[in-house]
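The values are calculated or read from the model by the stated rules, or taken from the named source; none is laboratory data. This one's a predicted model, so the numbers in the text were calculated from it and none came from an experiment. So basically every Cβ, Gly included, is an ideal-geometry build from the backbone, and we count neighbours across all protein chains shown.
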């Protein structure tokens with residue numbers, strides 16, 4: 001009887017999650033007239049460089065997010081408990097701004113005549129080409145997605161029992177040793193969910209590259225958008241690319257989950 | 001903490017006061033010349049009209065201009081859902097993909113043919129649009145609508161090069177400047193296939209309507225060759241980037257160049273002597289429209305001379321409405337950009353016509369590959 | 001020394017996170033359209049913002065969609081979590097994995113897949129993409145978060161409570177409302193809030209399923225960034241930032257007070 005209360009939701013998920021994914025697969029393997037074809041998947045192969053580039057950009061920005069967020073979350077988790085809430089609020093506040101606006105802000109900062117170059121001009125250097133570069137795209141990704149790394153990291157670190165660390169230090173571990181031997185291993189679930197939550201949106205974004213990347217930085221997301229609502233209407237090819245993207249992400253997730261052996265109940269998603 | 005909240009509420013009050021004080025600074029529109037009886041036919045029927053237009057392509061009430069949509073709503077009691085698109089191809093994709101229910105669209109010539117060929121436009125009942133007589137005969141019976149059945153000209157114009165006078169002092173250049181290494185990373189390019197191909201085709205001496213595979217591939221190679229020099233592929237982002245001197249030169253539509261040059265003295269505009277594209281953007285009613293009377297009324301409203309004037313002043317494009325043209329200031333008529341002499345228009349411009357399906361598909365694929373290539 | 005390093009790092013990160021927003025806010029008061037040179041103070045962009053019909057109507061759309069989607073998905077998700085919790089191990093795993101699909105799937109794939117579905121049915125069943133498709137799509141990506149927020153509460157709940165209630169004469173429905181719901185309520189609330197904020201902020205999925213006549217605020221913002229940029233967009237950013245600030249600070253203050261009270265009660 002109780003189980004039945006989930007029936008409406010499961011039905012909902014079947015119609016609006018599972019069926020649509022099958023429709024993506026259906027479009028990916030058919031042509032405009034609905035006949036079976038492998039053409040879309042083969043054509044997707046032509047865009048291998050874009051896939052490689054998107055994976056590389058997403059991987060680099062995920063790594064930078066981890067490197068920046070890890071010390072930050074650690075500092076946060078070792079603060080006085082009464083300050084932690086306020087500090088977390090301050091750090092997460094920008095995330096609540098619409099990400100289009102935040103990305104747009106970087107556009108105005110990085111331009112040839114933007115604020116950064118103007119400031120550099122005052123002290124007599126520059127201007128540098130900052131906007132429309134690979135670096136700008138990665139910066140945009142890091143900026144937009146770093147909160148998704150900080151939150152899970154902080155959540156697991158705050159839960160680590162401080163007495164374990166004290167015990168280790170009493171037994172002669174230095175601070176660095178205790179971080180490597182205790183904090184890092186215990187924070188792996190946070191690292192895993194942080195990586196997932198940054199990597200997936202970063203690999204599939206179609207705005208950041210458009211706004212900050214200039215001419216040579218089309219990513220998979222842009223390619224998909226172009227086929228559906230952009231300049232080269234071809235939903236079958238778009239579905240083909242989306243299908244391959246989904247497979248890639250499934251593989252990445254499977255690899256990540258191999259590392260993460262912890263019980264699924266303890267995973268931190270948010 | 002209380003202080004901060006107090007500060008913000010003070011701020012909020014400031015803003016709302018400012019809002020009240022100057023909220024109605026739009027130009028008042030004189031509707032006395034309009035047939036109010038005609039416009040009030042649907043006033044209490046709760047009709048909604050879905051209008052899709054190019055970005056920056058109507059007088060929207062900013063900076064003291066007439067808010068055309070608001071005036072239309074006020075006059076007719078019809079609610080307008082106004083959305084914008086950036087390119088013809090984007091509009092096409094939305095119509096094909098989005099189960100679109102537009103009542104009014106404003107595509108360009110070649111896209112009108114394409115939409116018509118695919119059965120997506122409906123014939124217009126010109127009996128419902130008395131102002132159609134305001135359209136200059138020059139803009140009737142055009143190739144994309146030889147019998148004037150399904151389109152009403154909105155604006156026309158040409159394509160040229162907007163340049164930054166501080167960076168380029170000599171205005172004696174043509175399309176080749178977009179391939180000049182000197183401006184590497186300092187030039188912008190069209191972000192839509194048809195306009196981009198047209199520039200390469202002009203340089204290669206091809207027709208802008210070539211459907212020959214070898215020619216299209218040659219044009220694509222030309223665009224690939226240009227790619228390393230291009231700072232960004234843009235549409236209306238051109239406004240911001242050129243105004244802020246982010247780039248030295250960009251190809252764009254003449255009307256927008258006029259608007260930009262009005263506000264920015266450091267910008268100039270060149271229409272290359274080797275020739276250019278002449279385009280006409282016309283208002284159409286898609287098959288999906290269920291509010292044909294309201295749509296016709298909207299078209300009629302846009303053809304009112306005063307509305308045409310407000311739009312022309314705001315967007316800078318060239319009007320096909322002869323009564324609006326009469327109302328224009330002489331310096332607009334003679335700015336050397338908007339209304340070119342017939343000799344140039346007849347001999348050095350080419351309008352787009354729709355490409356055969358194969359060529360159209362090829363161009364679209366080549367474009368994706370140019371944009372996605374290294 | 002170490003402490004100093006720590007604070008420098010913290011300060012640098014905060015500068016990194018806030019600099020762009022600070023710049024947006026400052027230039028919302030700039031008297032010219034330039035976004036790199038300050039030339040004078042004005043509030044005119046705020047005036048123009050409030051008289052911009054497109055922005056105001058898309059704001060209303062966003063609120064309507066976010067409220068309806070988050071309310072429906074909270075109800076749907078609460079019952080779902082209740083049911084999933086009492087499933088056998090295998091069906092539970094299947095249900096939770098399905099629940100995770102929209103969370104793990106890239107948003108663009110979710111958007112595109114729903115668009116394909118809606119277009120397919122819109123053509124056959126003669127409905128228009130718009131409010132309905134937006135709300136359906138939002139419920140689809142909101143509910144998984146509601147379920148995830150509520151599941152742990154069920155695990156923490158003492159199962160004997162329900163049995164006890166039923167022994168004392170409650171039927172299943174009464175037991176749910178009188179015993180279960182109060183116990184999981186904090187999870188329901190946080191699930192609702194999360195769903196609401198995701199809905200408010202969503203751009204990518206909405207972009208693909210909104211059809212032609214309805215625009216949410218993020219879609220309007222997107223089209224604003226693609227045109228001649230008006231400082232209206234900065235004014236809008238400033239207002240959004242202040243609203244978010246007030247909401248989050250209030251929430252924090254309320255929670256702190258509650259925690260203090262709890263502590264006092266416990267002592």
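For residue B:274, are the conditions met, namely being in the same structural domain as residue B:162 (by TED's automatic domain parsing) and in contact (Cβ under 8 Å) with a residue 12 or more places away in the chain?
Working: in the same structural domain as residue B:162 (by TED's automatic domain parsing): yes; in contact (Cβ under 8 Å) with a residue 12 or more places away in the chain: yes.
Yes.
Being facing chain A (nearest Cβ under 8 Å) and under 15 Å from the mean Cα position of the chain (by Cα) is the filter here; which residues of region C:242-253 pass it? Spell out the reasoning first.
Quick first cut of region C:242-253, residues facing chain A (nearest Cβ under 8 Å) only: C:244-245, C:248-249, C:252.
Scanning region C:242-253 gives C:244, C:248.
Residues in region B:46-53: is at least one in the same structural domain as residue B:285 (by TED's automatic domain parsing), more than 17 Å from the chain's Cα centre (by Cα), modelled with pLDDT under 90 and farther than 21 Å from residue C:232 by Cα? Before you say what the answer is, go through the steps one by one.
Initially, region B:46-53 is screened for residues in the same structural domain as residue B:285 (by TED's automatic domain parsing), giving B:46-53.
Adding the requirement that they be more than 17 Å from the chain's Cα centre (by Cα) leaves B:46-50.
Still in the running and modelled with pLDDT under 90: B:46.
Then drop every residue that is not farther than 21 Å from residue C:232 by Cα, which leaves B:46.
Yes - at least one qualifying residue is present in region B:46-53.
When you look at residue A:140, is it assigned to a helix (DSSP H, G or I) and either within 14 Å of chain C (Cβ to nearest Cβ) or closer than 13 Å to residue A:74 by Cβ (or both), yes or no?
Details: assigned to a helix (DSSP H, G or I): yes; either within 14 Å of chain C (Cβ to nearest Cβ) or closer than 13 Å to residue A:74 by Cβ (or both): yes.
Yes, satisfied.
Could you run through region B:241-261 and say how many residues are within 12 Å of another protein chain (Cβ to nearest Cβ), assigned to a helix (DSSP H, G or I) and either surrounded by fewer than 23 Cβ atoms within 10 Å (Cβ to Cβ) or touching a strand residue (DSSP E or B) at 6+ places or on another chain (Cβ under 7 Å) (or both)?
5
Is it the case, given these coordinates, that residue B:185 is within 30 Å of residue A:128 (Cβ to Cβ), more than 14 Å from chain C (Cβ to nearest Cβ), in a loop (DSSP other than H, G, I, E, B) and out of contact with any strand residue (DSSP E or B) (no Cβ under 8 Å at 6 or more places or on another chain)? If you could, list the steps in order and put the result at the bottom.
Numbers: within 30 Å of residue A:128 (Cβ to Cβ): yes; more than 14 Å from chain C (Cβ to nearest Cβ): yes; in a loop (DSSP other than H, G, I, E, B): yes; out of contact with any strand residue (DSSP E or B) (no Cβ under 8 Å at 6 or more places or on another chain): no.
Criteria not met by residue B:185.
Residue C:237 fails exactly one of the following numbered conditions: (1) touching a residue at least 40 places away in the same chain (Cβ under 8 Å); (2) within 13 Å of chain B (Cβ to nearest Cβ); (3) assigned to a helix (DSSP H, G or I). What is the number of that condition?
Checking residue C:237 against (1) touching a residue at least 40 places away in the same chain (Cβ under 8 Å); (2) within 13 Å of chain B (Cβ to nearest Cβ); (3) assigned to a helix (DSSP H, G or I), the one that fails is (2).
So if I check each of A:216, A:232, which one is surrounded by fewer than 22 Cβ atoms within 10 Å (Cβ to Cβ) and in a loop (DSSP other than H, G, I, E, B)? Full working, then the answer.
Working: A:232 fails: surrounded by fewer than 22 Cβ atoms within 10 Å (Cβ to Cβ).
The unique qualifying residue is A:216.
Give, as residue ranges, the helices (runs of 4 or more DSSP H) completely inside region A:1-53 that count at least 1 residues that are in contact with a helix residue (DSSP H, G or I) (Cβ under 6 Å, 6 or more places away or on another chain) and without any contact (Cβ under 8 Å) to a residue 60 or more places away in the chain.
A:7-13, A:19-28
Given the criterion without any contact (Cβ under 8 Å) to a residue 60 or more places away in the chain, crowded, with 17+ Cβ neighbours inside 10 Å and assigned to a helix (DSSP H, G or I), identify the matching residue among B:206, B:226. Outline the logic, then answer.
Values: B:206 fails: assigned to a helix (DSSP H, G or I).
None of the other options fit; the residue is B:226.
I'd like the residue in region A:194-213 that is more than 7 Å from every other protein chain (Cβ to nearest Cβ) and part of a loop (DSSP other than H, G, I, E, B) and, out of all such residues, is surrounded by the most Cβ atoms within 10 Å (Cβ to Cβ).
Restricting to residues being more than 7 Å from every other protein chain (Cβ to nearest Cβ) and part of a loop (DSSP other than H, G, I, E, B), the top hit is A:205.
Just one of B:95, B:120 is more than 30 Å from residue B:323 (Cα to Cα) and out of contact with any helix residue (DSSP H, G or I) (no Cβ under 7 Å at 6 or more places or on another chain); which is it? Step through it out loud before you land on a result.
Working: B:120 fails: out of contact with any helix residue (DSSP H, G or I) (no Cβ under 7 Å at 6 or more places or on another chain).
The match here is B:95.
Against the condition within 21 Å of residue A:105 (Cα to Cα), at pLDDT 90 or above and within 12 Å of chain B (Cβ to nearest Cβ), how does residue C:220 come out, does it pass?
Values: within 21 Å of residue A:105 (Cα to Cα): yes; at pLDDT 90 or above: yes; within 12 Å of chain B (Cβ to nearest Cβ): yes.
So residue C:220 passes the test.
Specify the residue that is modelled with the lowest pLDDT; the eligible residues are those in region B:54-93 that are farther than 24 Å from residue B:120 by Cβ, over 13 Å from the mean Cα position of the chain (by Cα) and assigned to a loop (DSSP other than H, G, I, E, B).
Here the residue is B:61.
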